[in-house]
């Protein structure tokens, strides 16, 4: 257990360095600088999204749902990279906050912030959704450790009893590839400069150098539901 936590911590440090020296400068280059975003004393960068931005974020033919259902009153979208160790930590806390409640629907938008392997993982996730096995795919990948790529994903999918060949073939669909690129551009457009970034109701939240606790997730969900 200590070794596993050490690996996660090391990956987190590597990701932070990558974000600071590559991802952030790249986004500044692409967008001409960040839009003004509120940074509070609670360690979150926040932004209130426009009605158009919210509609675009929720507009998807095949939602990658990991919690809740279409009738859940609160919609949450997570911009997520399968090679981001912070994403794993944050999702675990979010799942703990969601235990015993069905009033929150959580949908992932995988983005390839961390290179070609992340691009392929995002395509595989969308392909799994098209095939109808995304929850099983996500669970298999989420429960694994270390850097993810196509070869490792294939092994994990086979171990989980998923239709590997069908998912791999679907991932080559040009529409899937375009959807991955669209996800990344959408993240840039709405100001999600880091992964993970959470759209909860009409607010974009980005944890800065901190882990979100299950209690904080629960409070954010409850506050949005009261609006």
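Structure above, values below:
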quantity	calculated
Residue 129 vs. criteria in contact with a strand residue (DSSP E or B) (Cβ under 8 Å, 6 or more places away or on another chain), modelled with pLDDT of 90 or more and not in a loop (DSSP other than H, G, I, E, B)	yes
Residue ID - surrounded by the fewest Cβ atoms within 10 Å (Cβ to Cβ), chosen from residues in the stretch 105-120 that are without any contact (Cβ under 8 Å) to a residue 40 or more places away in the chain and not in a loop (DSSP other than H, G, I, E, B)	116
In the stretch 202-227, residue surrounded by the fewest Cβ atoms within 10 Å (Cβ to Cβ) [restricted to those that are under 16 Å from the mean Cα position of the chain (by Cα) and either over 17 Å from residue 85 (Cβ atoms) or free of Cβ contacts under 8 Å to residues at least 60 places away in the same chain (or both)]	203
Pairs where the first residue, in the stretch 149-161, is closer than 14 Å to residue 122 by Cα and the second is assigned to a helix (DSSP H, G or I), C-beta under 6 Å, 6+ apart	149/117; 150/120; 153/124; 154/164
Lone unmet requirement of (1) surrounded by 19 or more Cβ atoms within 10 Å (Cβ to Cβ); (2) over 19 Å from residue 221 (Cα atoms); (3) without any contact (Cβ under 8 Å) to a residue 60 or more places away in the chain; (4) in contact with a helix residue (DSSP H, G or I) (Cβ under 9 Å, 6 or more places away or on another chain) for residue 136	(1)
Enumeration of residues in the stretch 154-184 that are within 13 Å of residue 109 (Cα to Cα) and touching a helix residue (DSSP H, G or I) at 6+ places or on another chain (Cβ under 9 Å)	176, 179, 180, 181, 183, 184
Qualifying residue in the stretch 189-197 (condition: within 28 Å of residue 48 (Cβ to Cβ) and part of a helix (DSSP H, G or I))	yes
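The values are calculated or read from the model by the stated rules, or taken from the named source; none is laboratory data. Fair warning: this is a prediction, and the values are worked out from it, not measured in the lab. We place every Cβ from the backbone using ideal geometry, glycine too, and count neighbours over all the protein chains shown.
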